[in-house]
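Trainee: Below are the structure tokens for one structure; questions will follow.
The values are calculated or read from the model by the stated rules, or taken from the named source; none is laboratory data. Just so it is clear, the model here is predicted, and its values are computed rather than measured. Positions of Cβ are backbone-derived with ideal geometry, glycine not excepted, and every protein chain shown enters the neighbour counts.
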Amino acid sequence: MALVLAALAEAVATVAGAMSLILVYGLGMVFLLTPVVRMHRVLTGLARSRAWAWSGIRVPEPYDPPPPPPVLQPDGWYRSERTLYKTPTVPAWNMRWKWMFADPATWRDMLWLALDPFVSGVLGLLPLLLIGCGVATPFLWHPFAAPLGLAVAAAGVLAAPRLLQAHARWTVLLLAPTARTLLAGTMRHLARTRTEAIDSQSAELQRIERELHDGAQARLIAMGMTLGAAEGLVRDDPAAAKVLLARAREASATALGELRRVVRGIHPPVLAERGLGDAVRALALDSPIQVTVEVDLPVRPEPPVESAAFFAVSELLTDAAGQPGAERVLIDISHQGAALRVTITGDGDAEPSEEVRHGVERRLASFDGVLAVSGVPGSPTTLTLDLPYALTHTITDKAPKMPGWKVFLVVFGWSLGWLPLFPQGLVSMVFKLSGTEERAWFLALHVPEPFQWPVIVFMICLGAVMIGMAATIPLRHSRERWLAEATPHRLWLER
Amino acid sequence: MRVVIAEDLHLLREGLVHLLRAHGFEVVAAVESGPELLKALTEERPEVAIVDVRLPPTFTDEGLQAALEARRRVPGLPVLVLSQHVEQLYARELLADGSGAVGYLLKDRVLNAHQFVDAVRRVADGGTAMDPEVIAKLLASKARNEPLGSLTPREREVLELMAEGRSNAAISQRLFLSESAVGKHTASIFGKLALAPSDDDNRRVLAVLAYLNAAQAG
């Protein structure tokens, strides 16, 4: 019923849409495009949520991301192509309609809206009709009418959910993103994360350069100068030279201390020596609040992932420890298949600040990792770091093997396929055509005359199917395997 | 006194050998990798071993693992671990068996030859030598702990030096106090931390370290 009603609403929308399209193109009223497309998107959005609610089929949104807002140029104007504007309204509007116009999803939406009233009508009315007929039939007073009518009505009731499924499939056909859109989305994501990774890398390098320049380098220079002075003094005033030498030694210790701090910021030694688990344990020991660490990792992740995870945990822990009222933090490092998961549960009041969260997300983004923050104000906050492919290198080594039933089919096809194809099929056909009296062990020639040809054809088909199956199953399997292997799981390492 | 040295950097290894020979030690083996170290420790049975944490072939904590393994096979084998960085985690692992005769120092401490040799001797005699930085970290993470908070600044200084592994005599020298004053301070510290007092310097240090460690773990 609801489907029919929805179809009616869509019909109205389609008519309105078609009218406005005529206005847009026929009369050049471009300003109508954006509201119409917006309305379409609302309607198709409803259809998507209906497909999920009624049939459990998820239909993701296929739209391109909206354009960024216009940027104010240094000269105080907003530029849209070759025209300058005083206010951002017109360039924003221009960008918006171009965005909608260029997106193929806009046109797929329109096509769906135009066709859906018919599809929904047929699919929605069919069970209603069946039930209606079923209820009406007994009134024909025919002996078979009552059971037949009941059967038809039952069929109508039973068919309803299937038809809803069918409708959801139809929705997927036009409203789900196409492979191209998905690829474009992946490309955008990769480009963004790559840019962020490069940016943060270079920022890191700059920070390290500055720390070395202002710290250890400067101290070594001072040390050299002190040693030079001591050299000059050593004969005339050994006591003063001794004081200077002691000072130089102190300076070298300080320089070492600073270098140690820089090294810790680049790649903490414990992380290199012991891996993520113990590095986080060491971090916990140095933390001013009480931190409990639980680790369940069978293998060490790749060094870059390990480092990203460590610094993410380090930043979040520092943040959690600094919050008022924070006394205890529980860190749990575990794995689920190839995914590395770290949860940080603290009893502090506040969630991490936007800045911290963004920094952590940027660290994780190059590895497709995400940070999830859960918890309501006033209760413990749980931060979850999820790195989905962190341990892939240990798991993909087991190439997907062919399941047992497929192996059986292949062996069965190759070993017995010839039997129906050649002797029972082709040879009996030759015997049959040449009219030989000899029947030997050919099944087809022993059955009654009218069944002989069907049996021959059946045997040939059976043999062909068996051998064909045996040949294609391994091919298909190795293709799937090849595709799985060719898809880089560790995009960030195997470039 | 017979010493085994494990250090992968040639320059530093030679430096250590010279330094120790100049102070009357007998260097029986100077090795550069984990497996060699373990072999030297179990075969030579030195009176003290000086071990770098990071050694070939893995360049992880090979040296520490070899030292711990050797101490499992030869209980109480004196080991002084040197590293470019100090971690409470490693200090706890070294102290875990509670038998003493361990040291854990930053490589920087080698610069002060006198103090370094002093630490080597202390470890060889079954004492401990903990880097001030480790002690500072242990104390810092215990700063919110009640009994520690009740110590006077002077008592805290004494506690730090004691945890590094120094005897009352050494502490009194460092802080320019009389030995009896240090004795009073240590008694007061032990009272506040509810530790059993002991006259034996080494047992006393181990008690303090165990206290600092245990509370952190709990």
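Trainee: Being within 26 Å of A:Ser287 (Cβ to Cβ) and more than 11 Å from chain A (Cβ to nearest Cβ) narrows it down to one of B:Val53, B:Val81, B:Val86, so name that one. Quick ask: steps written out before the conclusion?
Mentor: Working: B:Val53 fails: more than 11 Å from chain A (Cβ to nearest Cβ); B:Val86 fails: more than 11 Å from chain A (Cβ to nearest Cβ).
The unique qualifying residue is B:Val81.
Trainee: Collect the residues in the stretch A:452-476 that are loosely packed, with under 12 Cβ neighbours inside 10 Å and either at pLDDT 85 or above or touching a helix residue (DSSP H, G or I) at 6+ places or on another chain (Cβ under 6 Å) (or both), keeping them in residue-number order.
Mentor: Within the stretch A:452-476, A:Pro454 is the sole residue that qualifies.
Trainee: Pick out the one residue from B:Leu77, B:Leu82, B:Leu55, B:Leu68 that is under 17 Å from the mean Cα position of the chain (by Cα), over 22 Å from B:Met1 (Cβ atoms) and at pLDDT 90 or above.
Mentor: Numbers: B:Leu77 fails: over 22 Å from B:Met1 (Cβ atoms); B:Leu82 fails: over 22 Å from B:Met1 (Cβ atoms); B:Leu55 fails: under 17 Å from the mean Cα position of the chain (by Cα).
Going through B:Leu77, B:Leu82, B:Leu55, B:Leu68 in turn, the sole match is B:Leu68.
Trainee: What are the residue pairs meeting all of these: first residue in the stretch A:433-448, first residue over 13 Å from A:Pro423 (Cα atoms), second residue hydrophobic (A, V, I, L, M, F, W, C) and modelled with pLDDT of 80 or more, Cβ atoms under 8 Å, and 6 or more apart or on different chains?
Mentor: Hits for this filter: A:Glu438/A:Phe431; A:Val447/A:Val455.
Trainee: Could you tell me whether A:Thr137 is β-branched (Val, Ile, Thr) and touching a residue at least 60 places away in the same chain (Cβ under 8 Å)?
Mentor: Considered against the rule, which asks whether it is β-branched (Val, Ile, Thr) and touching a residue at least 60 places away in the same chain (Cβ under 8 Å), A:Thr137 comes out as no.
Trainee: When you look at B:Thr42, is it among the hydroxyl-bearing types (Ser, Thr, Tyr) and within 14 Å of another protein chain (Cβ to nearest Cβ), yes or no? Let's see the steps before the verdict.
Mentor: Working: among the hydroxyl-bearing types (Ser, Thr, Tyr): yes; within 14 Å of another protein chain (Cβ to nearest Cβ): no.
No: the conditions fail for B:Thr42.
Trainee: Mind checking which residues of the stretch A:105-114 are farther than 18 Å from A:Pro35 by Cβ and either outside the structural domain of A:Arg41 (by TED's automatic domain parsing) or surrounded by 19 or more Cβ atoms within 10 Å (Cβ to Cβ) (or both)?
Mentor: Those that are farther than 18 Å from A:Pro35 by Cβ and either outside the structural domain of A:Arg41 (by TED's automatic domain parsing) or surrounded by 19 or more Cβ atoms within 10 Å (Cβ to Cβ) (or both): A:Arg108, A:Trp112.
Trainee: Could you tell me how many of the residues in the stretch A:252-271 are buried (at least 18 other Cβ atoms within 10 Å of the Cβ) and over 16 Å from B:Leu106 (Cα atoms)?
Mentor: Looking only at that region, the number is 1.
Trainee: Taking the condition of being closer than 22 Å to A:Gly185 by Cα and small (Gly, Ala, Ser), how many residues in the stretch A:50-109 meet it?
Mentor: 2
Trainee: Does A:Gly185 satisfy the condition of being free of Cβ contacts under 8 Å to residues at least 12 places away in the same chain, in a helix (DSSP H, G or I) and either in contact with a Lys or Arg (Cβ under 9 Å, 6 or more places away or on another chain) or surrounded by 14 or more Cβ atoms within 10 Å (Cβ to Cβ) (or both)?
Mentor: Spelling it out, A:Gly185 is indeed free of Cβ contacts under 8 Å to residues at least 12 places away in the same chain, in a helix (DSSP H, G or I) and either in contact with a Lys or Arg (Cβ under 9 Å, 6 or more places away or on another chain) or surrounded by 14 or more Cβ atoms within 10 Å (Cβ to Cβ) (or both).
Trainee: With the requirement that a residue be at positive phi and polar (S, T, N, Q), what does the stretch A:62-93 give you?
Mentor: Of everything in the stretch A:62-93, nothing turns out to be at positive phi and polar (S, T, N, Q).
Trainee: When only residues in the stretch B:133-144 that are within 23 Å of B:Ala187 (Cα to Cα) and out of contact with any helix residue (DSSP H, G or I) (no Cβ under 6 Å at 6 or more places or on another chain) count, which is modelled with the highest pLDDT?
Mentor: B:Ala136
Trainee: Looking at (1) touching a Gly at 6+ places or on another chain (Cβ under 8 Å); (2) modelled with pLDDT under 90, which is the one condition that is false for A:Leu259?
Mentor: Of everything listed in (1) touching a Gly at 6+ places or on another chain (Cβ under 8 Å); (2) modelled with pLDDT under 90, A:Leu259 misses just condition (2).
Trainee: I need a count of the residues in the stretch A:198-242 that are more than 28 Å from A:Arg261 (Cβ to Cβ) and hydroxyl-bearing (Ser, Thr, Tyr).
Mentor: 0
Trainee: Something else about it: Can you name every residue in the stretch A:225-238 that is assigned to a helix (DSSP H, G or I) and either among the aliphatic types (A, V, I, L, M) or more than 13 Å from A:Arg249 (Cβ to Cβ) (or both)?
Mentor: So in the stretch A:225-238, the residues assigned to a helix (DSSP H, G or I) come out as A:225-233, A:238.
Passing the criteria: A:Met225, A:Leu227, A:Gly228, A:Ala229, A:Ala230, A:Glu231, A:Gly232, A:Leu233, A:Pro238.
Trainee: Can I ask one more? Given the conditions (1) under 27 Å from A:Arg260 (Cβ atoms); (2) of a type in the set (Ser, Thr, Tyr); (3) at pLDDT 85 or above, and given that B:Thr152 satisfies all but one, which numbered condition is not satisfied?
Mentor: (1)
Trainee: Would you pick out the residues in the stretch A:85-106 that are among the hydroxyl-bearing types (Ser, Thr, Tyr) and part of a helix (DSSP H, G or I)?
Mentor: A:Thr89, A:Thr106
Trainee: Exactly one of these conditions fails for B:Leu106: (1) in contact (Cβ under 8 Å) with a residue 12 or more places away in the chain; (2) surrounded by fewer than 18 Cβ atoms within 10 Å (Cβ to Cβ); (3) assigned by TED's automatic domain parsing to the domain that holds B:Glu32. Give me its number.
Mentor: (2)
Trainee: Restricted to the stretch A:87-114, and to residues that are of a type in the set (A, V, I, L, M) and in contact with a Ser or Thr (Cβ under 9 Å, 6 or more places away or on another chain), which residue is farthest from A:Thr44 (Cα to Cα)?
Mentor: Taking the stretch A:87-114 and keeping what is of a type in the set (A, V, I, L, M), we get A:90, A:92, A:95, A:100, A:102, A:105, A:110-111, A:113-114.
Then drop every residue that is not in contact with a Ser or Thr (Cβ under 9 Å, 6 or more places away or on another chain), which leaves A:90, A:92, A:95, A:100, A:105, A:110, A:113-114.
Values: A:Val90: 27, A:Ala92: 24, A:Met95: 22, A:Met100: 15, A:Ala105: 11, A:Met110: 9, A:Leu113: 8, A:Ala114: 12 Å.
Result: A:Val90.
Trainee: Quick one: in the stretch A:272-297, which of the residues that are farther than 17 Å from A:Thr345 by Cα and more than 8 Å from every other protein chain (Cβ to nearest Cβ) is surrounded by the most Cβ atoms within 10 Å (Cβ to Cβ)? Working first, answer last.
Mentor: Quick first cut of the stretch A:272-297, residues farther than 17 Å from A:Thr345 by Cα only: A:272-276, A:278-279, A:282, A:286, A:297.
Narrowing further to those that are more than 8 Å from every other protein chain (Cβ to nearest Cβ): A:275-276, A:279, A:297.
Values: A:Gly275: 19, A:Leu276: 23, A:Ala279: 25, A:Leu297: 16.
The selected residue is A:Ala279.
Trainee: Checking the conditions here, which among A:Ala176, A:Ala168, A:Ala136, A:Ala184 is more than 22 Å from A:His40 (Cα to Cα) and in contact with a helix residue (DSSP H, G or I) (Cβ under 9 Å, 6 or more places away or on another chain)?
Mentor: Being more than 22 Å from A:His40 (Cα to Cα) and in contact with a helix residue (DSSP H, G or I) (Cβ under 9 Å, 6 or more places away or on another chain) holds for just one of A:Ala176, A:Ala168, A:Ala136, A:Ala184, which is A:Ala136.
Trainee: I'm told B:His114 meets every condition in (1) touching a helix residue (DSSP H, G or I) at 6+ places or on another chain (Cβ under 7 Å); (2) assigned to a helix (DSSP H, G or I); (3) within 14 Å of chain A (Cβ to nearest Cβ) except one. Can you identify the failing condition by its number?
Mentor: Single failed check for B:His114: (1).
Trainee: Then there is this: Can you find a residue that is in contact (Cβ under 8 Å) with a residue 60 or more places away in the chain and aromatic (Phe, Trp, Tyr) anywhere in the stretch A:73-90?
Mentor: Checked against the condition, which is being in contact (Cβ under 8 Å) with a residue 60 or more places away in the chain and aromatic (Phe, Trp, Tyr), the stretch A:73-90 yields no hits at all.
Trainee: Here's another thing I want to ask about it. Does the stretch B:23-30 contain any residue that is over 19 Å from B:Asp97 (Cβ atoms), within 14 Å of chain A (Cβ to nearest Cβ), free of Cβ contacts under 8 Å to residues at least 60 places away in the same chain and not basic (Lys, Arg)?
Mentor: Scanning the stretch B:23-30 turns up no residue that is over 19 Å from B:Asp97 (Cβ atoms), within 14 Å of chain A (Cβ to nearest Cβ), free of Cβ contacts under 8 Å to residues at least 60 places away in the same chain and not basic (Lys, Arg).
Trainee: Right, here's the next one. Where residues in the stretch B:176-195 are in a loop (DSSP other than H, G, I, E, B) and aliphatic (A, V, I, L, M), which of them is nearest to B:Leu161 (Cα to Cα)?
Mentor: B:Leu177
Trainee: Could you list, in sequence order, the residues of the stretch B:91-112 that are within 17 Å of B:Val208 (Cα to Cα) and at pLDDT 90 or above?
Mentor: B:Val102, B:Gly103, B:Tyr104
Trainee: In the stretch B:92-108, how many residues are within 16 Å of B:Glu164 (Cβ to Cβ) and more than 9 Å from every other protein chain (Cβ to nearest Cβ)? Steps first, answer last, please.
Mentor: We begin by selecting, within the stretch B:92-108, every residue within 16 Å of B:Glu164 (Cβ to Cβ); these are B:92, B:94-95, B:100-106, B:108.
Next, from what is left, pick out any that are more than 9 Å from every other protein chain (Cβ to nearest Cβ): B:94-95, B:100-105.
The total comes to 8.
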